[in-house]
Amino acid sequence: MKRWLLAVLVAAVALPLVAQQSTGAQLNGASPLQIVLWQDIESPTELALSVRPEGGLWRDLGTVPVELARLNDSRSYRYGDLVVAGVELRVWQPASGLGQHFISARREGGDWYDVGTVPIVLTFRTDDGRYRYGNLTLSLPTPEPDRALLVAVGAEHSCALRASGEIVCWGDNARGQTDVPPGHYRSLSAGEWHTCALSYAARVVCWGDDFSGQTDAPRGRFRSVSAGLAHTCAVARLGGVVCWGANGNGQGDSPSGTFRSLSAGAAHTCGLRNSGRVECWGDNAQGQSEPPSRRYLSIAAGADHTCALRESGRLDCWGEGHWGDASPGPYRSVSASGAATCALGQAGEVLCRGSVADPPPGAYRSISTGPAHACAVDESHAVVCWGNRFDSGAAEAPAGTYASVAAGELHSCARTASGTLVCWGSDANGRTSAPSGRYRSLSAGAWHSCAVDDEGEVVCWGADIDGSMDAPSGTYRAVSVGFAHSCGLRDSRTIRCWGLNQFGQADAPSGRYRFVSAGHAHTCAVRTSGAPVCWGGAWHGQLDVPSGNYRAVSAGGDFACALDGDRRLACWGANDYGKAEAPEGRFLWVGTGQHHACAVSEEGEMLCWGQNNHSQTDAPEGRFRSVNAGAIHTCAIRDTGEAVCWGHELHARARPPAELR
């Protein structure tokens, strides 16, 4: 039969298919797909398909039976499906009249309407007279990429609407604001911690933080939706405005009448009437709800200011921290959030003012501004984001070999083999102005650093908050620096703490210890008996130490991790981002940051977990001796003695997925 197939004259019928290809044997771009439908003459309900890319071999994909086991709604046709080379094929046969056949086709996951249903006539017979068959060729042009059309930016997350109607979100997901419900959408809006979108059916769908009821979208059909800080408003099909969520300032008390569009800000809302006039309601402490008496095309509400685009393209803003003396335009769109405003010029250029500045050069199609970052779709439909970049250099370790390293918040320090200190990153308040001399212990915190010199005295530098640098006199073995307090392990193995003591984090209990670690608002230590103990802030269970014997402990933001005598890890306290879920295995070292942790395994490999909004858990490959985790970056010493740091990068909310860039 296969020899006969190769000799078959194929009748060409070009059918464009537009959708995604599946995995497996795939067709190249515009390669046509040749199809032969076979029917057993004695058993006419038994059908089979032979398929090959044009120029390919029939044996590559073979001949596949097609079972017509399903009926359409009217029960007048039976049909069966199969997927070949990334194309879904549906074979139809009338429930009566088994001599007629039709084929529907679409790329896997696409729409049947993209191609329609094509008749295939079985006009040929095999030499043995057992089978009749017919042929056709489907032309398969390369599908259009699922490009980004719009972006929406929140406080800690971002979303993009693709041409297919799919929404993709990225960034922080602590409140579920990036968990997009399945479906197809035509517009979207991101609030502070929640997201809303308008479906193809004109329904409002919201997800994320619902503390104030801002995701409890009402039923009905709507024209548009806008998500604010903790409330949401939408324009109904007939033009009326409906709001839900927070209403402490009257931001949800929408006026009667019809509107063309609207924008929900932090605690106020503005709508554009059909006449082009702007009407605002809610908070007006800074004049953000007092629009000029003009006609406008679009409107954007921030926290304490509002901006609107005139029919001429000129931009008007009112309230606090507004556009000021920036270029008047003309512009084609405007976006505002928090204290930031960005406008899109006629040539696609972006101009920003406020908390989001320095947009990248280029031409853009659309833009969305958040409180601390912005995203835009450029002319190639790629998503570009900027803002909230930490350029302190804290993760840029200098070359050289080191004995230990300490990661702070905006700075880092390392101790060389000879005991001298090197610091880098932000020098605000003298944080990188390390003293000269030789030291045997080093620790870096949010605002300051401390080290134990060769004489056993503690020396501190940086910002002095509530006496955080006023180390008590005496000789010490080691020192640990937290957010704004410090603790030292004396030669007598007692602990002395100093600095901020708002939650008792500097009130070290009496006793003898082998290890101490200062966290954000709590401190943990290991007694000489091996028992762990913690003191200070207790609101997330960070003082609820596990039982057992431990050799070391590390106190983070609101959690802690410790190494037991068998080198197993135990973590406790707050578990957002999974930071208190200790990994299995044996480890040599552990370090905890604000919301993440890293540990060095017995094999010298680095394992990190927890929050990764600044790439602080994206550890490089290699073998390591030790690790120290800062607020949003991590530093470690390789087995070669080299210091290496990671994290402190552009916030995850401003890093679009690779497929959107």
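The values are calculated or read from the model by the stated rules, or taken from the named source; none is laboratory data. Being a predicted model, the structure only gives us computed values, none of them experimental. Counting neighbours? That spans all protein chains shown, and the Cβs are built from the backbone with ideal geometry, glycine included. Remember, those area values only see protein heavy atoms, side chains included, never the ligands or the DNA or RNA. Shrake-Rupley method; radii C 1.70, N 1.55, O 1.52, S 1.80 Å.
For the range 422-440, the set of residues classified as buried (at least 21 other Cβ atoms within 10 Å of the Cβ) and under 21 Å from Thr475 (Cα atoms) consists of Ala434, Tyr439, listed by residue number.
For Ala105, state whether it is at pLDDT below 90, open to solvent by 30 Å² or more (accessible area, probe 1.4 Å) and not polar (S, T, N, Q).
For Ala105, the condition - at pLDDT below 90, open to solvent by 30 Å² or more (accessible area, probe 1.4 Å) and not polar (S, T, N, Q) - is not met.
Looking at Gly565, Gly557, just one residue is at negative phi and open to solvent by 40 Å² or more (accessible area, probe 1.4 Å), and that residue is Gly565.
Checking the stated criteria, Ala631 turns out not to satisfy the condition of being under 21 Å from the mean Cα position of the chain (by Cα), surrounded by fewer than 22 Cβ atoms within 10 Å (Cβ to Cβ) and of a type in the set (A, V, I, L, M).
Yes/no matrix, rows are residues, columns are (1) at pLDDT below 95; (2) more than 30 Å from the chain's Cα centre (by Cα); (3) of a type in the set (Ser, Thr, Tyr):
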site: Ser517; (1), (2), (3): no, yes, yes
site: Ala525; (1), (2), (3): no, yes, no
site: Thr528; (1), (2), (3): no, yes, yes
site: Trp535; (1), (2), (3): no, yes, no
site: Trp539; (1), (2), (3): yes, no, no
site: Asp544; (1), (2), (3): no, yes, no
site: Ala552; (1), (2), (3): no, yes, no
site: Ala555; (1), (2), (3): no, no, no
site: Ala560; (1), (2), (3): no, no, no
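Considering each residue of the range 90-98 in turn, none proves to be touching a residue at least 12 places away in the same chain (Cβ under 8 Å), in contact with a His (Cβ under 7 Å, 6 or more places away or on another chain) and outside any strand (DSSP E or B). For beta carbons closer than 7 Å, sequence separation of 6+ or different chains, a first residue in the range 607-626 that is more than 22 Å from Asp558 (Cα to Cα) and a second that is part of a loop (DSSP other than H, G, I, E, B) and open to solvent by less than 30 Å² (accessible area, probe 1.4 Å), the qualifying pairs are Arg623/Gly604; Phe624/Gly604.
Residue under question is Ala190, and the condition is that it be under 24 Å from His381 (Cβ atoms), among the small types (Gly, Ala, Ser) and in contact (Cβ under 8 Å) with a residue 12 or more places away in the chain; does it hold?
Answer is yes for this residue.
Residues in the range 258-282 that are part of a strand (DSSP E or B) and either open to solvent by less than 20 Å² (accessible area, probe 1.4 Å) or not basic (Lys, Arg) (or both): how many? Total satisfying the criteria: 15.
Could you list, in sequence order, all residues of the range 66-85 that are open to solvent by 70 Å² or more (accessible area, probe 1.4 Å), in a loop (DSSP other than H, G, I, E, B) and closer than 16 Å to Phe102 by Cα? Listed by number, the residues that qualify are Glu67, Ala69, Arg75. Consider the range 582-591 and keep the residues that are part of a strand (DSSP E or B) and open to solvent by 10 Å² or more (accessible area, probe 1.4 Å). The one that is nearest to Cys561 (Cα to Cα) is Val590. For the residues Ala374, Ala407, the requirement of being open to solvent by less than 40 Å² (accessible area, probe 1.4 Å), among the aliphatic types (A, V, I, L, M) and under 15 Å from Gly445 (Cα atoms) singles out Ala407. The condition of being touching a residue at least 40 places away in the same chain (Cβ under 8 Å), among the small types (Gly, Ala, Ser) and part of a strand (DSSP E or B) holds for only one of Ala446, Ala414, that being Ala414. Scanning the range 374-392 finds no residues that are assigned to a loop (DSSP other than H, G, I, E, B), more than 21 Å from Ala463 (Cβ to Cβ), among the hydrophobic types (A, V, I, L, M, F, W, C) and touching a Cys at 6+ places or on another chain (Cβ under 6 Å). The set of residues from the range 242-278 being of a type in the set (Ser, Thr, Tyr) and touching a residue at least 60 places away in the same chain (Cβ under 8 Å) comprises just one member, Ser263. Checked against (1) touching a Pro at 6+ places or on another chain (Cβ under 7 Å); (2) farther than 30 Å from Thr640 by Cα, Thr523 passes all but condition (1). The set of residues in the range 206-229 that are assigned to a loop (DSSP other than H, G, I, E, B) and either open to solvent by 20 Å² or more (accessible area, probe 1.4 Å) or free of Cβ contacts under 8 Å to residues at least 24 places away in the same chain (or both) comprises Asp209, Asp210, Phe211, Ser212, Thr215, Asp216, Ala217, Pro218, Arg219, Gly220, Arg221, Leu229.
Take the conditions under 27 Å from Gly419 (Cβ atoms), open to solvent by 20 Å² or more (accessible area, probe 1.4 Å) and at pLDDT 95 or above and apply them to Arg477. Does it pass? Yes. Kindly establish whether Arg59 is under 21 Å from Pro32 (Cβ atoms) and surrounded by 19 or more Cβ atoms within 10 Å (Cβ to Cβ). Taking the combined requirement at face value, the residue does not satisfy it.
Let's see how each residue does on (1) open to solvent by 20 Å² or more (accessible area, probe 1.4 Å); (2) of a type in the set (D, E, K, R); (3) modelled with pLDDT under 85; (4) outside any loop (DSSP other than H, G, I, E, B):
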| position | (1), (2), (3), (4) |
| --- | --- |
| Asp128 | yes, yes, no, no |
| Leu140 | no, no, yes, no |
| Val151 | no, no, no, yes |
| Pro181 | yes, no, no, no |
| Leu188 | yes, no, no, yes |
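A single member of Gly338, Gly239 is free of Cβ contacts under 8 Å to residues at least 40 places away in the same chain, surrounded by fewer than 24 Cβ atoms within 10 Å (Cβ to Cβ) and closer than 19 Å to Ser189 by Cα, and it is Gly239.
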